[in-house]
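The values are calculated or read from the model by the stated rules, or taken from the named source; none is laboratory data. Everything quoted here is computed from the prediction, not taken from an experiment. Virtual Cβ from ideal backbone geometry, glycine too; neighbours counted across all protein chains shown. Please note that ligands, DNA and RNA were not included when accessible areas were found on the heavy atoms of the full protein model with its side chains. Shrake-Rupley method; radii C 1.70, N 1.55, O 1.52, S 1.80 Å.
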Amino acid sequence: MLFQIKSYLTFLWHSKNEHAVHSPFVFSLLTKCFYDKKTKSEYAILKKYRKSLLENKNFIEVTDFGAGSRVFKSNRRQISKIAQTAGISPKRAELLFRVTNYFQPENILEIGTSLGLATSALALGNPKAKVVTIEGCPNTANVAQNQLAEFNCNNVENVISEFESFLISENIQATNYNLIYFDGNHSKKATLEYFELLLPTIDNDSVWIFDDIHWSEDMEEAWEIIKNHPQVKVTIDTFQWGFVFFRREQPKEHFTIRV
């Protein structure tokens with residue numbers, strides 16, 4: 001916790017808003033998407049989705065995975081408690097919806113479904129997109145699948161698999177993912193492994209979002225390595241999320257932005 005406080009203070013010291021951004025691409029993203037304060041009808045659906053989970057008092061067996069996809073621990077947890085502590089916040093869900101709506105990606109990949117709170121934002125952001133979401137825990141994935149069906153998120157394919165197993169499959173290399181949301185394993189090793197495995201799936205307009213880039217010293221190191229990768233052209237650090245863009249026509253620039 002002390003590390004995260006220090007990291008956040010450093011972030012605040014260096015962060016800026018749209019007035020300090022001279023890149024037309026990033027300026028447009030900030031003003032038309034990040035800072036869009038208009039109410040969207042989909043926000044009500046996201047709110048109802050979350051409320052439904054928070055009211056669910058059923059227990060499920062949850063399996064957490066450690067390094068190398070080995071089972072780390074398994075325990076019974078109440079669905080409402082998982083919804084309170086895991087997954088995306090209401091504010092971030094709305095931002096993820098806006099980002100998806102802004103870029104209109106056709107193929108979306110989410111690493112780490114949990115209860116589908118972020119998945120629903122991705123699905124609603126572009127109902128014409130195909131959203132593939134991966135979850136290692138079968139019971140959690142089943143809850144998410146039922147929730148998504150209940151809220152008519154019919155463009156989602158739920159995959160129950162260890163992340164590494166899915167990412168090294170032959171099919172993954174044949175797909176261009178226009179947006180990838182990384183929220184499955186907050187470790188340096190896994191983050192960089194997923195980054196390298198998924199690089200063959202990018203196109204010029206791909207958008208990657210990494211969750212919890214300041215979670216630990218290891219995650220900050222992973223973020224720095226990603227920023228300096230030669231194929232990465234633009235990054236935006238919003239403290240909790242790191243946005244990565246591969247636009248070949250862009251000069252290499254890194255932004256630290258308050259959201």
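Determine, yes or no, whether residue 21 is surrounded by 15 or more Cβ atoms within 10 Å (Cβ to Cβ), more than 20 Å from the chain's Cα centre (by Cα) and not acidic (Asp, Glu).
Spelling it out, residue 21 is indeed surrounded by 15 or more Cβ atoms within 10 Å (Cβ to Cβ), more than 20 Å from the chain's Cα centre (by Cα) and not acidic (Asp, Glu).
Just to be sure before I move on: is residue 164 open to solvent by less than 60 Å² (accessible area, probe 1.4 Å) and of a type in the set (D, E, K, R) in the structure I sent?
So residue 164 passes the test.
Run residue 201 past the list (1) open to solvent by 10 Å² or more (accessible area, probe 1.4 Å); (2) in contact (Cβ under 8 Å) with a residue 12 or more places away in the chain and report the number of the one that doesn't hold.
The failed condition is (1).
Among the residues of the range 155-181, count how many are under 16 Å from residue 107 (Cβ atoms) and at pLDDT 95 or above.
Qualifying residue count for the region: 10.
Test of understanding: among 135, 110, which residue is touching a strand residue (DSSP E or B) at 6+ places or on another chain (Cβ under 8 Å), open to solvent by less than 10 Å² (accessible area, probe 1.4 Å) and touching a residue at least 12 places away in the same chain (Cβ under 8 Å)?
Working: 135 fails: open to solvent by less than 10 Å² (accessible area, probe 1.4 Å).
Criteria check complete, one pass: 110.
Residues of the range 88-107 being under 25 Å from residue 62 (Cα atoms) and surrounded by 22 or more Cβ atoms within 10 Å (Cβ to Cβ), which ones?
88, 93
Please tell me if residue 191 is among the hydroxyl-bearing types (Ser, Thr, Tyr), open to solvent by less than 30 Å² (accessible area, probe 1.4 Å), in contact (Cβ under 8 Å) with a residue 12 or more places away in the chain and over 21 Å from residue 88 (Cα atoms).
Criteria not met by residue 191.
Yes/no per residue for (1) farther than 24 Å from residue 189 by Cα; (2) hydroxyl-bearing (Ser, Thr, Tyr); (3) assigned to a strand (DSSP E or B); (4) touching a Gly at 6+ places or on another chain (Cβ under 8 Å):
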residue	(1), (2), (3), (4)
120	yes, yes, no, no
127	yes, no, no, no
131	yes, no, yes, no
134	no, no, yes, yes
145	yes, no, no, yes
164	no, no, no, yes
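Restricting attention to the range 1-45, and to residues there that are over 14 Å from residue 235 (Cα atoms) and of a type in the set (S, T, N, Q), which single residue is modelled with the lowest pLDDT?
4
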